[in-house]
Amino acid sequence: MSANFPRPVPEAIVHSQQFLQYITDSLHNKKELSFEDWMDTVLYSPGWGYYTGGLAKLSGTNTPTEKLIGDFTTAPELSHWYGRTLAKQVEQVLAASDSQCILEFGAGSGKLAFDMLETLNNSTINYFILELSADLKQRQQQTLAKFSNQVKWLDQLPPSFSGCIIANEVMDAMPVKLLEWNAQGDLQEVFISLDDVSNIHYVLHPASNELQQLFSQRMPTLSGYRTEINLRAESWIKELGRCLNKGGILLIDYGFPRQEYYHPQRHQGTLMCHLQHHAHSNPLIYPGLQDITAHIDFTAMADAALEGNLEVLGYTSQARFLMNCGILQQLSQLNPDDVHHYAKEIGPVQKLLSEAEMGELFKVMLLGKQLDIDPIGFSYADRRYTL
Ligand SMILES: C[S@@+](CC[C@H](N)C(=O)[O-])C[C@H]1O[C@@H](n2cnc3c(N)ncnc32)[C@H](O)[C@@H]1O
């Protein structure tokens, strides 16, 4: 590890070492975990996982003390103009679905919910949150105290729902299968096992026939190519399709259409880890302390939506979506003569829009059922043809 690689605080290291011991003990009995199960374990094991173990994750710019904690910064944390602008699309979806219900998955600090509820300024809106992390739920309750009579937390997906579902950077946190084509052109699945001295390491096994068949429809054989497939996100979208009666699903995440995702040059895949704002590629270190993510194959999500009886109503870059929803017009309310305030508001928005930052890598997809609208967020430069 390089000298500038972050070193977690001693209590966190103890937590991670105890967690690793627990995983190692269970591997002695079970022998192996698929990479997908490893990712599930280290992110979501109750009391231990990155999202479920009670350690700080998100950093925002809203308070000076929050700046220094956490591992990554998401768009809602970066600027309130993000939630305020997204609210325009949500408002249109709600009107067309004859519902005042919003359901947000994995709501982080609650910042997006707060900014949208403030902008929508409508006390008849019911805002539901489905959150896996107990400590984030607590944080959301604090952030959303002002809207306590409008916000409810759910433990599971309701049997049916009408309105607008939102998932901002949720799919990238779902466990993926790790796959590799070997020199003979056979597809291998990556597992985690213990070596002779009980250290965890990767082992490869031939992928199941079902996985081989599915995956070979998605990319050509390329020896040595390692990548991921997010079957859990696909199942989740199909489940949302069964649950949604009438309304829309807004998915915002980083990723590409399939051709770009499985591009020959992307031979190491898209797996990425975040530890105290340091991005790196080793998902086997510091279990429970670092986030592990993979980019989204949006073609796969669109296919899953169709299988789930949903329509794909729009797909574009985050920058284009925000501009279509009028972010620039909203910003024109700011007074440029108030230089300090203006710079403070505009700087983070530039990050949201810049092609070199979040504007192009992040995409927005709208899925819908029984929704008769021309969605404003996709009115210009809809890229569904690329999927
Ligand atoms: C990177 S964080 C994003 C948080 C927040 N949406 C934001 O943008 O700041 C990912 C979140 O997705 C949540 N998540 C992942 N899978 C989920 C699922 N199946 N249901 C609900 N939340 C999920 C995680 O618990 C975590 O809170």
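The values are calculated or read from the model by the stated rules, or taken from the named source; none is laboratory data. Model, not experiment: these values are computed from the prediction. So basically every Cβ, Gly included, is an ideal-geometry build from the backbone, and we count neighbours across all protein chains shown.
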Practice task
Output the number of the condition that S109 fails; it satisfies all remaining conditions of (1) surrounded by 24 or more Cβ atoms within 10 Å (Cβ to Cβ); (2) modelled with pLDDT under 95; (3) not basic (K, R).
Solution key: (1)
Practice task
Output the number of residues of region 159-174 satisfying the condition of being in contact with a Lys or Arg (Cβ under 6 Å, 6 or more places away or on another chain) and either modelled with pLDDT under 95 or within 14 Å of the ligand (Cβ to nearest atom) (or both).
Solution key: 1
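Against the definition (within 22 Å of L371 (Cα to Cα), out of contact with any Leu (no Cβ under 8 Å at 6 or more places or on another chain) and in a loop (DSSP other than H, G, I, E, B)), how does N335 come out, yes or no?
No: the conditions fail for N335.
State yes or no: is L132 outside any loop (DSSP other than H, G, I, E, B), within 15 Å of the ligand (Cβ to nearest atom), touching a residue at least 60 places away in the same chain (Cβ under 8 Å) and under 23 Å from C101 (Cα atoms)?
In short, no.
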Problem - Test: residue in region 211-228 that is within 24 Å of G108 (Cα to Cα), within 16 Å of the ligand (Cβ to nearest atom) and not aliphatic (A, V, I, L, M) - result: no
Handout entry: Those residues of region 23-54 which are loosely packed, with under 15 Cβ neighbours inside 10 Å, in contact with a Ser or Thr (Cβ under 8 Å, 6 or more places away or on another chain) and under 28 Å from M171 (Cα atoms), in sequence order
Key = T24, E32, P46
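Name the residue, out of T270, T293, T316, that is within 30 Å of D372 (Cβ to Cβ) and not hydrophobic (A, V, I, L, M, F, W, C). I'd like the intermediate steps shown before the answer.
Details: T270 fails: within 30 Å of D372 (Cβ to Cβ); T293 fails: within 30 Å of D372 (Cβ to Cβ).
One residue alone meets the criteria, T316.
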Exercise for the section: Answer yes if at least one residue in region 252-270 is out of contact with any strand residue (DSSP E or B) (no Cβ under 6 Å at 6 or more places or on another chain), touching a residue at least 24 places away in the same chain (Cβ under 8 Å), buried (at least 17 other Cβ atoms within 10 Å of the Cβ) and in a helix (DSSP H, G or I), and no otherwise. Expected result: no
Problem - Check on K152, of a type in the set (K, R), within 13 Å of the ligand (Cβ to nearest atom) and either at pLDDT 95 or above or closer than 27 Å to G54 by Cβ (or both) - result: no
Completion exercise
Going through region 179-198 in order, the residues found to be in a loop (DSSP other than H, G, I, E, B) and either of a type in the set (A, V, I, L, M) or over 24 Å from A294 (Cα atoms) (or both) are A183, Q184, D195, D196, V197, S198
Completion exercise
Taking first residues from region 300-312 that are on the phi > 0 side of the Ramachandran plot and second residues anywhere that are in a helix (DSSP H, G or I) and crowded, with 17+ Cβ neighbours inside 10 Å, the pairs with Cβ under 8 Å that are 6 or more apart or on different chains are N309/G241
Exercise for the section: Evaluate region 45-67: report whether one residue or more is among the aromatic types (F, W, Y), modelled with pLDDT under 95, more than 11 Å from the ligand (Cβ to nearest atom) and assigned to a loop (DSSP other than H, G, I, E, B). Expected result: yes
Handout entry: Only one of I249, I292 that is closer than 26 Å to Y202 by Cβ, in a strand (DSSP E or B), within 16 Å of the ligand (Cβ to nearest atom) and in contact (Cβ under 8 Å) with a residue 40 or more places away in the chain
Key = I292
Handout entry: Those residues of region 324-369 which are of a type in the set (A, V, I, L, M, F, W, C) and touching a residue at least 60 places away in the same chain (Cβ under 8 Å), in sequence order
Key = C325, I327, L331, V349, L352, M358, L361, F362, V364, M365, L366, L367
Completion exercise
Selection from region 224-257 of residues β-branched (V, I, T) and under 21 Å from Q318 (Cβ atoms) yields I237, I249, I252
Problem - Unique residue being in contact with a helix residue (DSSP H, G or I) (Cβ under 6 Å, 6 or more places away or on another chain) and closer than 28 Å to P76 by Cβ when the list is A279, A233 - result: A233
Practice task
State whether the residues of region 96-114 include one that is within 11 Å of the ligand (Cβ to nearest atom) and of a type in the set (F, W, Y).
Solution key: yes
Exercise for the section: Would you point out which residue out of I200, I192, I129 is within 16 Å of the chain's Cα centre (by Cα) and among the β-branched types (V, I, T)? Expected result: I129
Problem - Candidates Y342, Y315, filtered to the one that is touching a strand residue (DSSP E or B) at 6+ places or on another chain (Cβ under 6 Å) and either of a type in the set (F, W, Y) or in a loop (DSSP other than H, G, I, E, B) (or both) - result: Y315
Handout entry: Residues of region 147-161 classified as crowded, with 17+ Cβ neighbours inside 10 Å and in a strand (DSSP E or B), total
Key = 2
